[in-house]
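Heads up: the structure comes next, in structure tokens.
The values are calculated or read from the model by the stated rules, or taken from the named source; none is laboratory data. Source: prediction; values computed, not measured. Heads up, the Cβs are rebuilt from the backbone with ideal geometry, glycines too, and the neighbour counts pull from every protein chain shown.
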Amino acid sequence: MEPPLVKVMYLFAGRKRHSDVAAFLRQAEAKGHIRLLIKEFDIERSPNHDLTDISLWDEILETLKQGGWCIIVSPPCNTFSRARFQHRSFPGPKPLRTKAWPKGFPWLSKIHKQKVSEANFFVEKCLEACDCAASSEGFLILEHPEDLGTVQGEQPGSIWQWQEVLDLIPKWSASCFAIHQCKFGALTPKPTRLLTNMEVQDNRCFMSLPKFDKFGFYKGPLPHKCGHSHTHKLIGKTGSRWNTSPSAAYPPGMCEFLARLILNAVASFGRGLGSNKSGKKGLKRSSNAGEISCKRQRLGESPSLQVSASKVSEASVSSVSSPQGTGALNSSKLDKLSTHTKSGLPSDKLSSHTRSGFTGNDVLGDSSSGRLDSHQKAFVVVKGL
């Protein structure tokens, strides 16, 4: 039996590395568990990979409309960097946006306005791609630095303040969680937030939207201390190089984490596709939709999706407390999928598919058991600069 085809498009891929997401997926291909078709784009690789070109995005969106794609987006974050707010102590680039002006100050110079406009364009097109993938029976993962609130008496701008970003949560029944990248092998904590409509079971992931006190200082969900002692600093320069530069690339452990999410999504039909409130197909899972609903109610808005905040909290706790780790599979649940329609596919279609026995954990060296449906899934990976 021929293994399933996994198609990967990797945008903002940066320079090729030995332990990037593509490398871990190629391990699965080398073991004969999948067939992999991967295309990686970055201006550092080719002048033809210019993602400021709207025609290139048109091609990307047309591809996503084919259906069954998973897209991981990590738009460039240089104009959002909190390091800019340390400019008084460490001379360097100044802030270009705050919470009050999350899409950029209106008084920016022409050069700075162009820089912010380009960054906003990347975020907007990434969101459009996420929406396109999810609306075509696919999956999405959005990654960007965590919103850590007040620093130096100011509140930096963050994409997690954008309503367009938060709207993805109730629309696609998505979960939103924060991590310390040092838990995945990074040199610094580098607090990071991800949003996905795939199931995540990993105790390194803190399932909640950012929380702040009345002064805007960060209160979680990430703990104040990561548990490590770090000597590398992200603020300032070392020689002529900004300390934030090496942290742009994901550490190998995080690349493996994302690869496991992709492979386990294939192995478990994405953990069940079902209808959501938008009328599209999305994943049934715990989400932060209750938090969004509560926030909108406080603002006097009519929430698009009513979810009990207590249920969200309970679901979040259960989703991160599993001892099985990232995306661990339950074979009994997979057996049920053959007779029920939790995956969003009719039961007759589910039973007609032939399965082979592996999970993302098996492929990458874990002993967890599970199954893979031969129904072809394709994936897009978008990596920030």
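Taken together, the criteria exclude residue 80 from residues that are of a type in the set (A, V, I, L, M, F, W, C) and more than 25 Å from residue 17 (Cβ to Cβ). When you check residue 177 against the structure, is it in contact with a Cys (Cβ under 9 Å, 6 or more places away or on another chain), within 18 Å of residue 211 (Cα to Cα) and crowded, with 18+ Cβ neighbours inside 10 Å, yes or no? Yes, satisfied.
Annotation: of all residues in the range 1-20 being surrounded by fewer than 18 Cβ atoms within 10 Å (Cβ to Cβ) and at pLDDT below 85, the one that is nearest to residue 47 (Cα to Cα) is 15.
The residues of the range 38-63 that are closer than 24 Å to residue 194 by Cβ and at pLDDT 90 or above, listed by number, are 51, 57, 60, 61, 63. Against the conditions (1) farther than 27 Å from residue 114 by Cα; (2) at pLDDT below 90; (3) hydrophobic (A, V, I, L, M, F, W, C), residue 23 satisfies every one except (2).
If you go through the range 158-189 and keep only what is assigned to a helix (DSSP H, G or I) and not polar (S, T, N, Q), you end up with 159, 160, 164, 165, 166, 168, 169, 170, 171, 182, 183, 184. Against the list (1) modelled with pLDDT under 95; (2) surrounded by fewer than 18 Cβ atoms within 10 Å (Cβ to Cβ); (3) among the charged types (D, E, K, R); (4) closer than 21 Å to residue 198 by Cβ, the condition residue 164 fails is (1). Take residue 132 and tell me if it is within 20 Å of the chain's Cα centre (by Cα), modelled with pLDDT under 95, surrounded by fewer than 22 Cβ atoms within 10 Å (Cβ to Cβ) and assigned to a helix (DSSP H, G or I). When the stated conditions are applied, residue 132 passes them.
Yes/no matrix, rows are residues, columns are (1) out of contact with any helix residue (DSSP H, G or I) (no Cβ under 7 Å at 6 or more places or on another chain); (2) without any contact (Cβ under 8 Å) to a residue 24 or more places away in the chain; (3) farther than 29 Å from residue 69 by Cβ:
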| position | (1), (2), (3) |
| --- | --- |
| 105 | yes, yes, yes |
| 108 | no, yes, yes |
| 115 | no, no, yes |
| 124 | yes, no, no |
| 136 | no, no, no |
| 146 | yes, no, no |
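Within the range 222-267, how many residues are at pLDDT below 65 and in a loop (DSSP other than H, G, I, E, B)? Final tally of qualifying residues: 11. Within the range 136-153, the set of residues being farther than 24 Å from residue 216 by Cβ and either touching a Ser or Thr at 6+ places or on another chain (Cβ under 8 Å) or surrounded by fewer than 18 Cβ atoms within 10 Å (Cβ to Cβ) (or both) comprises 136, 137, 139, 140, 141.
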